[in-house]
1. Which value in nm describes the separation of the simple spin-label points at residue 55 and residue 21, placed 7 Å from the Cα toward the beta carbon?
2. Could you give the length gained on full extension between residue 111 and residue 40, defined as 0.36 nm per residue of separation minus the Cα-Cα distance, in nm?
Amino acid sequence: MSARANHGSAGTMSDLAEIRDEYEFLDADDRYRLLIDLGRALEPMPDALKTDATLVRGCSASVWVYPTKGDNDGLHFLADSNAAITKGIIALVLKTVQDRTPAEILATDIEGELAPFDLRNQLSSNRTQGIPNMIALIRETAGRY
């Protein structure tokens, strides 16, 4: 168990390690369901923020990411997608960076944190091709603060 504060919604798995532990025991169909559930639990992103400026390039599905300045100098990201599984992948990415300071985000090995989920082999390439672009956008945002 991590001593980190629970930033997730009540009733959702807040810690990436907890999610990974469950994910490892699931078959492919249940992994899809878990990703969809994680996506459903994402904080809602207002439609007004879903613009060309917040659209992540290179994703087959539409993916929007909008950074806000949270408490204690942390960056808080609102994100959404029009595809349920993609939204779950977004939720996993956000678990690695949400509400952390820009310096912490820049020091986080996001790809390494996601590696145990083996998303490239679990999902079709068109579902995962935008992940590096989303991670690059998050890093670029952290670098600006």
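Read-outs throughout are calculated quantities, based only on the coordinates presented, and are distinct from any laboratory measurement. Not measured: the values here are computed from a predicted model. Ideal geometry is used to build each Cβ from the backbone, glycine not excepted, and the neighbour counts take in all protein chains shown.
1. 4.1 nm
2. Between residue 111 and residue 40, full extension yields an extra 23.3 nm.
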